[in-house]
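The block underneath contains the structure these notes are about, expressed in structure tokens.
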Amino acid sequence: MAETRTGDTTSTPSAGQRLQRGLAPADSSAVVVDQKATHGKTTIADGVVAKIVGIAAREIDGVKEVVNVGAGASIAGLATRVTGGGTRAQGVSVEVGEREAAASINIVVIYGVSIPQVADAVRRNIIERVEAMTGLTVIAVDISVSDLYFPEDETEDEHPRVQ
């Protein structure tokens, strides 16, 4: 990690103190040092944290799905289909340090629900799940609502009218 000099002191920024928080892809890994244990270290891959984030978001009523957005969405979706990879971390980016984590997630919300209430519930659930399962402190959960889901559209597509 790069050191920052201020006067006569030297400090090393943590994951949450970086000048720009560029969230890492889910395939990199991070080391979590267990300060209480003296028999080794525990390593948690960023992909594991990303899966926890994705599952925690889907547990909330009002969230239809977690989706990839942007130019990389088509490529990521194709790669997932070709390789048979799971979709649990799809639409999630994480940055994991030794003691802290930050997440960014893209969701589709069901039309008619309160988006601020859903976002708040998603954020709380993600923080609770990640902290309970990994011991990391979640410093930020950025949520992007990229689309609305209309339930009536699905029922029309599933049962086309016959004349």
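The values are calculated or read from the model by the stated rules, or taken from the named source; none is laboratory data. Computed from a prediction, not measured in an experiment: that's the story for all the values here. Please note: Cβ atoms are built from the backbone with ideal geometry, for glycine as well, and neighbour counts cover all protein chains shown.
At-a-glance table
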quantity	calculated
Tally of residues being out of contact with any helix residue (DSSP H, G or I) (no Cβ under 8 Å at 6 or more places or on another chain) and touching a residue at least 24 places away in the same chain (Cβ under 8 Å) across the stretch 100-113	4
Residue check, ASP120 without any contact (Cβ under 8 Å) to a residue 12 or more places away in the chain and either surrounded by fewer than 18 Cβ atoms within 10 Å (Cβ to Cβ) or aromatic (Phe, Trp, Tyr) (or both)	yes
VAL67 vs. criteria β-branched (Val, Ile, Thr), under 19 Å from GLY47 (Cβ atoms), surrounded by 14 or more Cβ atoms within 10 Å (Cβ to Cβ) and at pLDDT 95 or above	no
Pick from the stretch 38-67, criterion free of Cβ contacts under 8 Å to residues at least 24 places away in the same chain and not in a loop (DSSP other than H, G, I, E, B), ranking: farthest from GLY112 (Cα to Cα)	THR42
Residue match in the stretch 116-129 (condition: of a type in the set (A, V, I, L, M, F, W, C) and either farther than 22 Å from GLY62 by Cβ or in contact with a Leu (Cβ under 9 Å, 6 or more places away or on another chain) (or both))	no
